[in-house]
Amino acid sequence: MHVNRFDLMHPGARAVIESNPTFPQMQRFVADPQAFLAHLDAEGIAAAWLINYCAKEVMGYGAEVNDWVAGYAKTDPTRLVAIGGYDPRHDGDGRRAIDGLHASGIRGLKLHTVHQHLSPDDARLSPALARCAQLGMPLIVHTGTSRFPGSDNAFADPAPLAAVLRAHPELKVVIAHGGRPDHTKVAVDLVQRFPNAWLELSSCPPRRLPDYFGNLETLADRCVWGSDWPGPGVPGMKANVDAFLHLGLSAKANRAILHDNAAKLIPS
């Protein structure tokens, strides 16, 4: 989910996020991490990955998000997982940049292909991805379309991740949003072909998950839960979990998807 520098957003991007009627709640939490932790308690959420990334041209924020989210997560590092960003066109040497993120307390890297206009198999990313693999930092890659102004949905297809998964077999790659709505079969195929690929389920209406991905019972040990809150159309973290539980998966599958797999990806 997103605890971001909403104050830095371009007006068009800000208008999209403000379309969620729950956004004022998140805006308050950005200024008060203790209030956000209390909200996690109320929602029954054990831990939250705070997704940040660098997309200055489209979203309005770049590498400055990294120090900010690292500081925010220090309020409770056992429950708040700082995810940061890197752009090889602006942020210098990839290996050095990842070392800096890791030293600051950031525990995973987010690449937003559609907002950064950058394919995950771009050779300029390779030093950063290699260093992430060495440090055990997962790579979370946006897949699927976006309706934020300036998005380039030509980068929505997860297919280029095959080259990344092949070149960096020790890198844990989380396929965010599973390529929804048009590339879900590609995402599932990658998870079935590569042991270092994980299917992430956020930004998908829970009732539509079987339509997108088929039988989640068979994929449960490779799926990671997420809400994408307060993204457009996401009612809340608990609301999405409750809807997911109505799919009728086994208790074992529910536990793996909602908790255990994430704990494996980013150990406490």
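Things to note:
- Every test in (1) part of a helix (DSSP H, G or I); (2) hydrophobic (A, V, I, L, M, F, W, C); (3) in contact (Cβ under 8 Å) with a residue 12 or more places away in the chain is passed by Leu249 save one, and that test is (1).
- Every listed requirement among (1) buried (at least 19 other Cβ atoms within 10 Å of the Cβ); (2) in a helix (DSSP H, G or I) is met by Gln27 save one, (1).
- Each residue in segment 74-103 was checked for being surrounded by fewer than 24 Cβ atoms within 10 Å (Cβ to Cβ) and more than 19 Å from Pro127 (Cα to Cα), and 8 of them qualify.
- Unmet requirement for Phe194, which otherwise passes all of (1) of a type in the set (Phe, Trp, Tyr); (2) over 17 Å from the mean Cα position of the chain (by Cα); (3) closer than 17 Å to Asp122 by Cα: (3)
- Unmet criterion (only one of (1) of a type in the set (Val, Ile, Thr); (2) open to solvent by 40 Å² or more (accessible area, probe 1.4 Å); (3) closer than 18 Å to Leu111 by Cα) for Ile266: (2)
- Considering each residue of segment 141-149 in turn, at least one proves to be touching a residue at least 12 places away in the same chain (Cβ under 8 Å), open to solvent by less than 10 Å² (accessible area, probe 1.4 Å), within 26 Å of Ala103 (Cα to Cα) and among the aliphatic types (A, V, I, L, M).
- Within segment 102-146, being touching a His at 6+ places or on another chain (Cβ under 7 Å) and among the β-branched types (Val, Ile, Thr) holds for Thr113, Val114, Thr143.
- Selection over segment 152-173 of residues that are open to solvent by 40 Å² or more (accessible area, probe 1.4 Å) and within 21 Å of Ile83 (Cβ to Cβ) gives a count of 3.
- Test for Glu217: is it farther than 29 Å from Val58 by Cβ and either surrounded by fewer than 20 Cβ atoms within 10 Å (Cβ to Cβ) or at pLDDT 95 or above (or both): yes
- Any hit, segment 36-56, residues being loosely packed, with under 13 Cβ neighbours inside 10 Å and more than 20 Å from Ser227 (Cα to Cα): no
- Enumeration of residues in segment 127-157 that are closer than 22 Å to Glu57 by Cα, small (Gly, Ala, Ser) and touching a Gly at 6+ places or on another chain (Cβ under 9 Å): Ala128, Gly144, Gly150, Ala156
- Within segment 104-128, considering residues that are under 19 Å from the mean Cα position of the chain (by Cα), under 20 Å from Glu170 (Cα atoms) and not small (Gly, Ala, Ser), the one most open to solvent (accessible area, probe 1.4 Å): Asp121
The values are calculated or read from the model by the stated rules, or taken from the named source; none is laboratory data. All figures in this text were calculated on a predicted structure; none of them were measured in a lab. Because the Cβ atoms are built from the backbone with ideal geometry, glycine has one as well, and the counts that use them run over all protein chains shown. The accessibility values were calculated without ligands, DNA or RNA, using every heavy atom of the protein model including side chains. Shrake-Rupley method; radii C 1.70, N 1.55, O 1.52, S 1.80 Å.
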